[in-house]
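Below is the structure I would like to discuss, written out as structure tokens.
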Amino acid sequence: MKKMNRGIVTALSAIGIAQGLKILTHKKLTGKWDVKQALSTGGMPSSHSAGVAALASYVAANKGAGHTETALAVVFGAIVMYDAQGIRRHTGEIAHLVNDIEDKITKLSGEFPSFEYVKSEEELDELLGHQPVEVGAGALLGIAIGVVSAKIENDERKAKKRAQPS
């Protein structure tokens, strides 16, 4: 059986670890345990950043900083991180404003019976993107995971070479 691509395993592991850490950071911020945080798209640390940073650092540690694969991983990773803290965060802020407006319209419709308004069943999800510090924390976590993964792989290769008869 062929082994799974270690770069993929490294990136997915970083994403999983970051998602798990969201439970702990939520507990620290609110004092409440919420396992649902592991499935959230925003929060601390950014799993998007952790995943792409883990992949980029893993590739760089194995191929070198000047390799084309490293360049690809870094550039696409930077785009993902920019998007996570830029466009997606602003979309969440807009969702927050829309939800506030709907709440105010609902209240206003209660004060004026002739004004008929039916509130939406569900509010828009407001936690879509990340603050820059969340992206930075995810990136640092990912870099650490990527470097450790590359070191483990390199140590395994060396041990395998030593075990082979000359």
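Filter the stretch 81-93 down to the residues that are among the polar types (S, T, N, Q) and either open to solvent by 50 Å² or more (accessible area, probe 1.4 Å) or on the phi > 0 side of the Ramachandran plot (or both) and list them by number.
Across the stretch 81-93, the qualifying residue is only T91.
Moving on. Suppose we filter A53, A38 for residues that are at pLDDT 90 or above and either over 18 Å from G136 (Cβ atoms) or surrounded by 22 or more Cβ atoms within 10 Å (Cβ to Cβ) (or both); which single one remains? Spell out how you get there, then give the answer.
Working: A38 fails: at pLDDT 90 or above.
Matching residue, one of A53, A38: A53.
Being surrounded by fewer than 21 Cβ atoms within 10 Å (Cβ to Cβ), over 10 Å from the mean Cα position of the chain (by Cα) and not in a loop (DSSP other than H, G, I, E, B) narrows it down to one of A78, A73, so name that one.
None of the others qualify; the one that does is A78.
Name the single residue, out of those in the stretch 36-61 being within 8 Å of the chain's Cα centre (by Cα) and assigned to a helix (DSSP H, G or I), that is farthest from A78 (Cα to Cα).
Among them, the one singled out is S47.
Just one of the numbered conditions (1) at pLDDT 90 or above; (2) at negative phi; (3) open to solvent by less than 70 Å² (accessible area, probe 1.4 Å) is not true of G64; which one?
(2)
Among the residues that make up the stretch 21-31, is at least one of them more than 19 Å from A137 (Cβ to Cβ), modelled with pLDDT under 90 and open to solvent by 40 Å² or more (accessible area, probe 1.4 Å)?
Yes.
In the stretch 15-35, which residues are farther than 19 Å from Q131 by Cβ and either of a type outside the set (F, W, Y) or assigned to a helix (DSSP H, G or I) (or both)?
Answer for the stretch 15-35, where residues must be farther than 19 Å from Q131 by Cβ and either of a type outside the set (F, W, Y) or assigned to a helix (DSSP H, G or I) (or both): G16, I17, G20, G31, K32, V35.
The values are calculated or read from the model by the stated rules, or taken from the named source; none is laboratory data. Everything numeric in this text was worked out from a predicted model, so none of it was measured. So basically every Cβ, Gly included, is an ideal-geometry build from the backbone, and we count neighbours across all protein chains shown. We work out accessible area using only protein heavy atoms, side chains counted, and drop any ligands, DNA or RNA first. Shrake-Rupley method; radii C 1.70, N 1.55, O 1.52, S 1.80 Å.
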